[in-house]
Amino acid sequence: MSDFHVYDTTMRDGAQQEGLNLSVQDKLHIARHLDDLGVGYIEGGWPGSNPKDTEFFALAAKELDLEHATLAAFGATRRPDASAADDGLVAALRESGASVVTLVAKSHDKHVELALRTTLEENLAMVRDTVQHLREEGQRVFVDCEHFFNGYLDNRDYALEVVRTAAEAGAEVVVLCDTNGGMLPHQVGEIVANVMATGARLGIHAHNDTGCAVANSMAAVLAGATHLQGCINGYGERTGNADLVTSVANLELKLGMSVLPEGRLAEATRISHAISEITNYPPSARQPYTGVSSFAHKAGLHASAIRVDPNLYQHIDPALVGNDMRLLVSEMAGRATIELKGKELGYDLTGDPERLARLTDRVKSMEQQGYTFEAADASFELLLAEEMGTRPQYFDIESWRVLAESLPGSLDAISEATVKLRAGGQRLAVIGEGNGPVNALDHALRQAIEQLYPDVARFHLIDFRVRILDQGHGTDAITRVLIETTDGKDSWVTVGVGPNIIEASWQALVDAVTYGLRLHAVTPQTV
Ligand SMILES: CC(=O)SCCNC(=O)CCNC(=O)[C@H](O)C(C)(C)COP(=O)(O)OP(=O)(O)OC[C@H]1O[C@@H](n2cnc3c(N)ncnc32)[C@H](O)[C@@H]1OP(=O)(O)O
Ligand SMILES: CC(=O)C(=O)O
């Protein structure tokens, strides 16, 4: 592995994202995940700026046992016209227990004069004094030059003077920040190449306001930067920071650099999703490398080539980043898609062109009616089983009926469902109650079959989504219902479609129960 720095700022700049709020325990968990990924540096926050960040560093010193990473504390240069030794926030950095301190410094003359309200000379002194002071106290220092690129375009000499001052005072790395995220890759590449002439070790910190944060980071590295900052899942102020996983995967897989310890990149998808759970931000399906859709193929033509060689429609082997290829069944499927999906589900349809063609036609015609199989894998698997003659019949529905009743003095309407079916050689008629018609039907169906099939007691609905398909028909429209069910271990999605929302829900419900029992390898009893 090279001496290249992979520097994560999820817990500092990532936490500046709207709606993202981390507890101290969240931060400790994230730090362990980042260490597991093998990043070199973890910026834990700004000690002294709020009690939580101060507590994090205190706890980290006692509880975090990092294998790969070094913890960095973030803070600012001293206040104007004061001494670094007497500055309260500098003291918090000194006392944080972190061996690395990353100082944010102004490098754009306009910011020095308007935001800091001091002179250009005093700002240089603030950088020099603070770096020297912390170095004397035994800490390693990195300097983040805020608004560097805008500063360089407005007053090149001053921006370069800040870089030189930081490096001469003992900063190990001077990080050029695109704080407003407005740069494009050609500008970043050219400017970083010019700043290399200072002799300072350079880093890059890019925001994503032009959608170019990762591209700008790559341009900086190609121009000579050897320290890369970013956040997991691209979190960060406004539109976020460069996504650290995308950046690192690009460096390793596209530029042939070795920046993580051997084998760690293959953990990227798992770690990116685990951190999403902690931040409570659902992972973006379309995130490069780690998204669930990153290697999902929907178009029939793609699948037909993938059948020959997956690399024909994929830029890398998904396993390199711990992701998987998936085939999506939809109206855009061709026979190749159905064949590959069948294989994924354990059915060999090769050599059965007629069945393949029939299934493909069925999928297309059902999708035209409103079904969506890419979102309802379980209903597709049952359709496939039906075509193969292996769909189990656990019960035979005779009829169902639902009543909704509003009782005087009560705001809640009560629903009551009657389900009549044959199962286990008996005719069963069961009444179920619920807080809505679907809930009542669900209860009635379970009660009817629970004695024969006790596994149904373990199934729980976790999501129920309704979509009106032909807008404009008002209450007369076609409705699609997607139901997600879990048994506590696995979860599966089924679909139902119809002009009546309860009929559509019932179809999805019957598929959900049938799929669950089949998954549990329950043997059907005579109906
Ligand atoms: C580009 C970035 O994202 S850098 C990271 C920014 N992150 C944050 O701001 C989050 C944490 N910040 C905080 O908790 C608070 O802003 C604190 C504790 C740092 C400061 O709080 P306050 O003392 O109340 O000051 P306030 O936030 O109003 O203003 C910031 C002050 O820092 C000064 N300042 C700004 N940049 C720097 C710098 N690089 N070096 C020294 N001082 C600076 C400003 O001039 C301003 O000074 P003033 O109080 O004399 O007006
Ligand atoms: C330091 C930092 O976060 C920035 O300039 O964007």
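The values are calculated or read from the model by the stated rules, or taken from the named source; none is laboratory data. Computed from a prediction, not measured in an experiment: that's the story for all the values here. Cβ sites come from the backbone with ideal geometry, for glycine too, and all protein chains shown count toward neighbours.
In summary, PHE148 fulfils each of the numbered conditions (1) surrounded by 24 or more Cβ atoms within 10 Å (Cβ to Cβ); (2) away from ligand 1 (no atom under 13 Å from the Cβ); (3) aromatic (Phe, Trp, Tyr) with the single exception of condition (2). Counting only helices (runs of 4 or more DSSP H) wholly contained in the stretch 1-113, the ones carrying 3 or more residues that are among the charged types (D, E, K, R) occupy 24-37, 51-63. Looking at GLU136, GLU172 in this structure, which one is more than 14 Å from ligand 1 (Cβ to nearest atom) and out of contact with any strand residue (DSSP E or B) (no Cβ under 9 Å at 6 or more places or on another chain)? Within the list GLU136, GLU172, the selection yields GLU136. Residues in the stretch 11-41 that are within 15 Å of ligand 2 (Cβ to nearest atom), crowded, with 21+ Cβ neighbours inside 10 Å and either more than 16 Å from ASP243 (Cβ to Cβ) or not polar (S, T, N, Q) (or both): MET11, ARG12, ASP13, GLY14, ALA15, TYR41.
Which residue is farthest from ligand 1 (Cβ to nearest atom), if the candidates are limited to the stretch 48-59 and must be touching a residue at least 24 places away in the same chain (Cβ under 8 Å) and surrounded by fewer than 23 Cβ atoms within 10 Å (Cβ to Cβ)? If you could, list the steps in order and put the result at the bottom.
Let us first name the residues in the stretch 48-59 that are touching a residue at least 24 places away in the same chain (Cβ under 8 Å), namely 48-49, 52, 54-59.
Of the ones still in play, those that are also surrounded by fewer than 23 Cβ atoms within 10 Å (Cβ to Cβ) are 48-49, 52, 54-55, 58-59.
On the way: GLY48: 7, SER49: 4, LYS52: 11, THR54: 11, GLU55: 14, ALA58: 17, LEU59: 19 Å.
In this case the residue turns out to be LEU59.
Tell me, please, whether a residue that is assigned by TED's automatic domain parsing to the domain that holds GLU136 and within 16 Å of ligand 2 (Cβ to nearest atom) can be found in the stretch 58-72.
Yes, that holds for at least one residue.
Listed conditions (1) away from ligand 1 (no atom under 16 Å from the Cβ); (2) crowded, with 17+ Cβ neighbours inside 10 Å; (3) among the aliphatic types (A, V, I, L, M) are all met by ALA242, apart from (1). Residues in the stretch 162-200 that are free of Cβ contacts under 8 Å to residues at least 40 places away in the same chain and hydroxyl-bearing (Ser, Thr, Tyr) were compared, and the one that is nearest to LYS110 (Cα to Cα) is THR179.
Quick one: which of GLY88, GLY97, GLY45, GLY75 is outside the structural domain of LEU320 (by TED's automatic domain parsing), within 27 Å of the chain's Cα centre (by Cα) and either within 13 Å of ligand 1 (Cβ to nearest atom) or within 13 Å of GLU137 (Cβ to Cβ) (or both)? Walk me through how you get there before you give the answer.
Working: GLY88 fails: within 27 Å of the chain's Cα centre (by Cα); GLY97 fails: within 27 Å of the chain's Cα centre (by Cα); GLY75 fails: within 27 Å of the chain's Cα centre (by Cα).
The match here is GLY45.
Annotation: GLY181 fulfils all but one of (1) part of a loop (DSSP other than H, G, I, E, B); (2) of a type outside the set (Asp, Glu); (3) within 15 Å of ligand 2 (Cβ to nearest atom); (4) surrounded by fewer than 16 Cβ atoms within 10 Å (Cβ to Cβ); the unmet one is (4).
Would you check if VAL112 is within 16 Å of ligand 2 (Cβ to nearest atom) and either touching a strand residue (DSSP E or B) at 6+ places or on another chain (Cβ under 8 Å) or polar (S, T, N, Q) (or both)?
Here the answer is yes, as VAL112 does meet what is asked.
What number of residues in the stretch 431-466 are charged (D, E, K, R), within 19 Å of ASP511 (Cβ to Cβ) and surrounded by fewer than 16 Cβ atoms within 10 Å (Cβ to Cβ)? Qualifying residue count, the stretch 431-466: 4.
Candidates PRO288, PRO318: the one that is modelled with pLDDT of 95 or more and outside the structural domain of VAL363 (by TED's automatic domain parsing) is PRO288.
On the stretch given as the stretch 393-430, residues that are in contact with a helix residue (DSSP H, G or I) (Cβ under 9 Å, 6 or more places away or on another chain), farther than 17 Å from GLU503 by Cα and loosely packed, with under 15 Cβ neighbours inside 10 Å total 2.
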